[in-house]
Amino acid sequence: MTHPNPMVGAVVVKDGEVVGRGYHRGPGTPHAEAMALEEAGELSAGSTLYVTLEPCNHHGRTPPCTEAILARGVSRVVMAMRDPNPHVAGGGADRLREAGLRVEEGLLRREAAELNKGYLSLVLRGRPWLTVKMASTADGKAAAPGGNSRWITGEEARRVVHRMRRECDAVMVGSGTAILDDPELTVRMVSLGKGRPPRRVVVDSRLRLPLEGRLAMGGDPPVLVAVAEGHDRRAAEVLRSRGVEVLQCGNGDMVDLHLLLRMLGERGVAHLLVEGGPRLVGSLFREGLVDEVVLFLAPRVLGNPEAPDWVTGLGITSLTEAWEMRWTEVKRTGRDLMLRARPIEGWDPAAQVSPGI
């Protein structure tokens, strides 16, 4: 919820005791280091500052954190990782070392990178971290024959999904899901707090979105519809008149998903949550764009070949060609299981930052 800034926490330790704590609450608010040092007060002198990200050394909406660290007389700074932002990278650590402070980096580097995987993806790849969320029966079906998917999972799992929405910058579905489910894609079952609602995105190459549907009405949070060259121009005019952003992604018959993710990155989307449908998820896998999968598995069996799978269209015919993933989390959510996995050959946030010295 600190978007577009990274999530940062800091503690000040003096003589083995924590004397100050702080975390960044959002753009324009004090940085974590400044908050922690303010709380520590005079005890900051000769202390150690632990922080999840390299302190900044540039003027933005707030003064440089390096100035506050030096002014308070901190003697040692332990940072989990360097900031890859070109406005910061290395500058904060170098400034502190030049002033005679002992600076160490790399402690809990992987955890810090995981905390800010969306920020790292946006800064280093120019596109959001992409999480696919799907609900499935125990035999891998995303809906009953005909497309009805309400509700495969129980209330607890659906509440977790709304928390996931709250913590991302945009929620995306394919045209099939938008037509069949007429979703709102808003945060409802949990409090939004001081966060901002995620942008809503529909991948709809031909622009088949019903003009009487909820997403076609626009409003807040904003709606973006990604289309291809041959889309319905009249429908596009209607949507634009309602404040919906219609974005042509490429000149082919299908939306260029790589281009779409770059365009979302340009709009500040650091974490993208994809909620279906099966064809869109298959296309994202095929293009190598999936960073993470969160699968909610319900203890139900349909056993009907006409029921849609949660991913389709990959055309894989042998196990040796299958997408290899690794489980990163398995837990109960009410009556259901939540399974989290990442492609083995996927983009690793922790591998993008310095191991430290």
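The values are calculated or read from the model by the stated rules, or taken from the named source; none is laboratory data. These numbers come from a predicted model, not from an experiment. Please note: Cβ atoms are built from the backbone with ideal geometry, for glycine as well, and neighbour counts cover all protein chains shown. Accessible surface areas use protein heavy atoms only, side chains included; no ligands, DNA or RNA. Shrake-Rupley method; radii C 1.70, N 1.55, O 1.52, S 1.80 Å.
List of remarks:
- The angle separating the long axis of helix 257-266 from the principal Cα axis of greatest extent in the chain is about 40 degrees.
- Within the chain, helix-based [θ] at 222 nm, where runs of 4 or more DSSP H residues each add -39,500 (n - 2.57), nearest 500: -7000 deg cm²/dmol
- With R₀ fixed at 30 Å, the C-beta to C-beta distance from residue 316 to residue 208 puts the FRET efficiency at about 0.65.
- The stretch 108-151 and the stretch 164-188: distance between their alpha carbon centers, rounded to Å: 12
- Projecting the Cα positions of 178, 119, 135 onto the charge dipole of the stretch 108-182 (unit charges on Cβ atoms of Lys, Arg, Asp and Glu, taken about the Cα centre) puts 119 furthest along the positive direction.
- Around the Cα centre of the chain, unit charges on the Cβ atoms of Lys, Arg, Asp and Glu (plus for the first two, minus for the last two) sum to a dipole of about 600 debye.
- Protein accessible area in the chain, 1.4 Å probe - carbon and sulfur %: 50
- Using alpha carbons only: equivalent-ellipsoid semi-axes of the chain, gyration tensor based, whole Å: 42, 23, 19
- Measuring spread by the Cα atoms of the stretch 80-191 yields a radius of gyration and Dmax of 20.6, 68 Å.
- Net charge dipole, the stretch 223-268: roughly 200 debye, given to the nearest 20, about the Cα centre with Cβ charges of +1 for Lys and Arg and -1 for Asp and Glu.
- Taking the chain as a Gaussian network of alpha-carbon nodes connected by springs under 10 Å, the highest mean-square fluctuation of the residues 144, 322, 307 belongs to 322.
- Centre-to-centre, using Cα atoms only, the stretch 13-27 and the stretch 200-245 are separated by 46 Å.
- Å² of accessible area per residue within the stretch 3-126, as computed with a 1.4 Å probe and no ligands counted: 47
- Candidates 72, 234, 196: whichever shows maximal mean-square fluctuation once the chain is modelled as a Gaussian network with Cα springs under 10 Å: 234
- Lysines with Cα under 23 Å of residue 133, excluding same-chain neighbours fewer than 8 positions away: 117, 141, 331
- A simple count of charges around residue 303, restricted to other residues whose Cβ falls under 14 Å of its Cβ and scoring Lys, Arg +1 and Asp, Glu -1, yields -1.
- Viscosity 1.002 mPa s, 20 °C: Kirkwood-radius Stokes-Einstein D of the stretch 284-357 over Cα pairs, µm²/s: 143
- Dipole orientation for the stretch 242-341: of the candidates 289, 264, 339, 339 has the Cα lying most toward the positive pole (charges on Cβ; Lys, Arg +1; Asp, Glu -1).
- Springs between Cα atoms under 10 Å define the GNM used for the chain, and in it the highest mean-square fluctuation of 45, 99, 216 occurs at 99.
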